[in-house]
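The block underneath contains the structure these notes are about, expressed in structure tokens.
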Amino acid sequence: MKEVEVRLEIPIDPNKEPERWEYLQQAELLLSKAGVSFDTGFGGGVRDWELDWSLHGASIVFIKFKEEDK
């Protein structure tokens, strides 16, 4: 089975959405406590969760590509 590398991009402005930013931080902490870890980043108004080689305690399973609208 091939490994899948994806990046979850969450648009957010911590200054305008401090409560939502805190929820993301809490989610990352809770996942870590559950044994799931991965690289994260922030830039250009986007919080990144790097679900690639850095992912530990979980796996990404490819199902299919989304079909384009006709």
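The values are calculated or read from the model by the stated rules, or taken from the named source; none is laboratory data. Being a predicted model, the structure only gives us computed values, none of them experimental. Quick reminder, even Gly has a Cβ in these numbers, built from the backbone with ideal geometry, and neighbours come from all protein chains shown.
Within region 59-70, can one find any residue that is modelled with pLDDT of 95 or more and more than 12 Å from the chain's Cα centre (by Cα)?
Step one: list which residues in region 59-70 are modelled with pLDDT of 95 or more, which gives none.
No - not one qualifying residue is present in region 59-70.
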**OP:** Kindly provide the set of residues from region 39-52 that are more than 11 Å from R7 (Cα to Cα) and exposed (fewer than 13 other Cβ atoms within 10 Å of the Cβ), ordered by number.
**Re:** G43, G44, G45
Original post:
Restricting attention to region 14-38, and to residues there that are in contact with a strand residue (DSSP E or B) (Cβ under 9 Å, 6 or more places away or on another chain) and of a type in the set (F, W, Y), which single residue is farthest from M1 (Cα to Cα)?
Top reply: W21
Original post:
Is there any pair linking a residue in region 27-50 that is modelled with pLDDT under 95 to one that is exposed (fewer than 10 other Cβ atoms within 10 Å of the Cβ), with Cβ under 7 Å and at least six apart or on different chains, and which?
Top reply: none
Original post:
Only one of (1) closer than 18 Å to K2 by Cα; (2) free of Cβ contacts under 8 Å to residues at least 40 places away in the same chain; (3) not aliphatic (A, V, I, L, M) fails for F62. Which number is that?
Top reply: (2)
**OP:** Tell me which of these I12 doesn't satisfy, since it passes every other one: (1) modelled with pLDDT of 95 or more; (2) out of contact with any helix residue (DSSP H, G or I) (no Cβ under 7 Å at 6 or more places or on another chain); (3) of a type outside the set (S, T, Y).
**Re:** (2)
Original post:
Looking at this structure, is E3 charged (D, E, K, R) and either in contact with an Asp or Glu (Cβ under 6 Å, 6 or more places away or on another chain) or touching a residue at least 40 places away in the same chain (Cβ under 8 Å) (or both)?
Top reply: yes
